[in-house]
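Bear in mind these aren't lab numbers, they're just calculated from the coordinates by the rules spelled out. Because the structure is a prediction, the values reported are computed rather than measured. Methodologically, a virtual Cβ is constructed for each residue, glycine included, from the backbone with ideal geometry; neighbour enumeration extends over all protein chains shown.
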Amino acid sequence: MTATDELLFDGADWDFRTLQRICDACEQIARDELGLDVYPNQIEVITAEQMLDAYSSVGMPLFYKHWSFGKHFAFQEASYRKGLMGLAYEIVINSSPCISYLMEENTATMQTLVIAHAAFGHNHFFKNNYLFKQWTDADGILDYLEFAKRYVAHCEERHGRLAVEHTLDAAHALMSHGIDRYPGKKSLDLRAEEKRAGRRRAHEESAFNDLWRTVPTGPAKSGAVLDVERRRQMLGLPQENLLYFLEKTAPRLKPWQREILRIVRNIAQYFYPQSQTKVMNEGTATYVHYRIMSRLHEQGRLTDGNFLEFLQSHTNVVFQPEFDDPRYSGFNPYALGFAMMQDIERIVTDPDDEDREWFPDVAGKGDAMAVLRDIWANYRDESFISQFMSPRLMRHFRLFHLHDDPEERAGILVDAIHDERGYRRLRRELARQYDVGFIDPNIEVVDVDLAGDRRLMLRHTVVKGAQLTEADTKRVLQHLADLWSYDVSLVEADASGTVLKEYVAHPRNIAAAA
């Protein structure tokens, strides 16, 4: 066999047989040398327009119709045509089989790169990370999306497009507050959701909500009669999952509206792990594709020219602009994740004294892939950075921490530098930027005025003075009031209980407006 015969491809052109050879070669290295455990792969080649369409529907192959998806498509298509934005080389879906969309414009080298990156790097992370195991159902998501699409279309036919659109608008506005953050509250079996949805509709159409029996109907009952603690317990308060609360207790929602809230809530829950693992997920995929592509080159299955093409693309992906660069917008998750994976490999295989002091459990262990696979399975971004960001890597990125709090002291001061105390502070502050408990607003339903005007009362606990944007808050609160059908109030208060801001929204008569 000649050297040319051993190559996976020659030049930039490819066909589907070539893709099959590429996938088989990547899989052999991924499974046999890296020890990856992946879902079955389904690879689909799509056009640039189809990639833009996938962008508009958050990368899902099936989705219900909504005007916002078309708006996103039109904006992104115009930007792409004008050269103001590029397109991803691939999109990968956390499902079983794991679906990877490849751009047909990619060269053979880029197809090899994205297969290694998505079909094996992301795929392994999806299947093995504990957050995805807790919160997602890879076997059932495609069937559930098909059900959601059919159900929303059926509601449009039966109840009118505008009515469904208004409900979806409100649900989408509250989507980021429709998430359960604790494993005990989840439902994993999405395939059973369609059957349960039918049973729920049949029950809700034949029964009323007994909760509202407690609402006073005349002067004989006063607010004092209602025990506050019992009422809050009965309503499950405080409740941070706003969509769940509305689905279960909003007094005037129709059964089909409750089911739409549940659909949006389940989809939001499905994407919840991805927001917590961006650095780890992209770092894992980038590290895996780098290892696979390097190994293919060592085996003589990629030419030097192909490998240089890969290195150019890889270098662009992991480029990290400096803090004073106009392109800087925070840490590039590819750059940070890949650098940390490589640094862990160095610590495990060739540690120095500093590494042994900071990482006694893994330094010098020898088997880098075993350590990395364990990390990929058991950490999220916040804990990953707080445990494995090394002093050497902090020096490499030249990290420092600025302190700016006028209530404590005047001016901006550097309060963390490259000494032991500074390293620990830097690592802690960087990890906090990826902690959803710190960066996501803590908004809860705290009470309902059942004895009076049935106002829904919410509270936002302000952390470090970070209040909500007023314009966005008013718009979202209006959607909440429309779903609740009564007044809604939101109080922003700091940790001491001092009220900083209060908002009130009144429900609109959507039917009359339509």
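Here are the numbers for this structure:
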read-out	value
Projected label distance in nm at residue 356 and residue 150, using a 7 Å step from Cα toward the beta-carbon	6.4
DSSP-assigned coil residues among chymotrypsin sites (Phe, Trp or Tyr not before Pro) in segment 333-382, each with at most 10 further Cβ atoms within 10 Å	none
Cα Rg over Rh - segment 441-513, Kirkwood	1.00
DSSP-assigned coil residues among trypsin sites (Lys or Arg not before Pro) in segment 232-319, each with at most 15 further Cβ atoms within 10 Å	252
Loop sites in segment 428-470: trypsin sites (Lys or Arg not before Pro), DSSP, at most 14 other Cβ within 10 Å	464
Over 24 Å [Cα-Cα, segment 293-384], rounded percent	41
Above-threshold pairs, the threshold being 21 Å between Cα atoms, out of 149/254; 254/501; 278/501; 133/278; 464/501	254/501; 278/501
